[in-house]
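These notes are about the structure you will find just below.
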C-alpha cells in the first residue's frame, strides 16, 4: 500500500507527532555525507514522486532552458492528464526532461551502476537509497542549483 | 511477559536485540541477512534465524519486500519483537509469514541478547 502513488495518507485523532532534535549543523553534516560527487552522469528528480505543484514549478523554472544531460522525472500516473492539460509536461519534455509515471527512482532498473557512476538529485531520500540500493555516487544539490548548473 | 500479537505464529530461538530502529531496505543485505548499515548497532551481524528485537522500522515502505526477499533467500529472522508496529514491518511480516509481536518499552529492556526464548504469537506469550 505504502508504495502506491494512488493512496492517500490518513491520520486519526489529534495525537502529536514524534519530535526530534535537528539543527542546521546536523543538516549540513548529513548533506555532506550524502553528497559524494562533484558532478553526475544523469539527473533524477523524485523520491518521493513529484506532485502537480512541484511539476508546475519545474516547468516554469525550465522556460527557455534545456538539460545538458539525461534528466528523469518521477511522477504518479494520477497527475498525468492534469500536467499534460496544463502544458507542464510539454514544457519539461521540450527542455529534454523525461517524465516517468508510477515507478521508483531507486528500485526500478533505470539507474544501473554498470552504466552510471554518479547521479545528480535534489532528493535527500533519493540520495540515501541511490547510495545504499543502487550503489552509485550522488551529487546532492537544490533544484535551483540543478537548473542553474545542468541546463542552458 | 505479555505481548500484543500482530502476525501470528510460534517459534523458538536465540534473541538478537537492537538499540536502533531498522531500515530494512537501506540497512540489510537481502541476500544474506547481514546488517550493512555502518551506523547501526547490529552492523556486521546476521538477522537470519534469530528472534529479532528492535524498537520499530524506519525508512522506505519497500522494506516490506526486503523482508519477503530475506524469507525467500532463507535468511529471515524466525520472529520479530518491536516496541511499536510500523506499517512496513507489519506488512512485511504478514506477507512473509514471520511472527510479529509488540511489547512495552519496560519489557523490551528486559530482553537479553543470545537468550533462547519461546515466542508464542498465538496466545501472546514470551517464555
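Worth a mention:
- Among A:76, A:48, A:109: highest mean-square fluctuation, GNM of chain A, C-alpha pairs under 10 Å: A:109
- Residue-averaged 222 nm ellipticity for the protein assembly as shown, from DSSP H runs of 4+ at -39500 (n - 2.57), nearest 500: -7500 deg cm²/dmol
- The packing ranking, built from the mean of other Cβ atoms within 10 Å per residue, places the peptides A:32-44, B:54-66 in the order B:54-66, A:32-44, highest first.
- Average other protein chain Cβ within 10 Å of Cβ, residues B:81-88: 1
- Range of Cα positions in the stretch B:4-126 per principal axis (Å), largest first: 32, 26, 22
- Within a Gaussian network of chain B (alpha carbon springs, distance under 10 Å), most fluctuating of B:51, B:34, B:22: B:34
- DSSP bridge pairs, the protein assembly as shown: antiparallel proportion in percent, nearest 5: 40 percent
- Where both bridge residues fall in chain A, DSSP classifies roughly 5% of the beta bridges as antiparallel.
- Projected label distance in nm at residue A:33 and residue B:104, using a 7 Å step from Cα toward the beta-carbon: 3.4 nm
- For the stretch A:27-103 and the stretch B:44-111, distance of Cα centres in Å: 34 Å
- Mean separation of Cα contacts under 8 Å, 6 or more apart, over the residue count of chain A: relative contact order %: 30 percent
- Shape box of the stretch A:15-152 [Cα atoms, principal axes, largest first, Å]: 44, 42, 28
- Debye-sum result for the protein assembly as shown in log10 I(q)/I(0), which assumes one identical scatterer on each alpha carbon, at q = 0.08, 0.11, 0.14 Å⁻¹: -0.41, -0.73, -1.04
- Label point at residue A:26 placed 7 Å out along Cα→Cβ; residues across the stretch B:56-82 whose backbone nitrogen lies under 17 Å: B:58-59
All of the numbers you see were taken from the coordinates with simple rules; none came from a lab. Keep in mind that this is a model prediction, so the values were computed, not measured. Glycine gets a Cβ as well: all are built from the backbone with ideal geometry, and neighbour counts include every protein chain shown.
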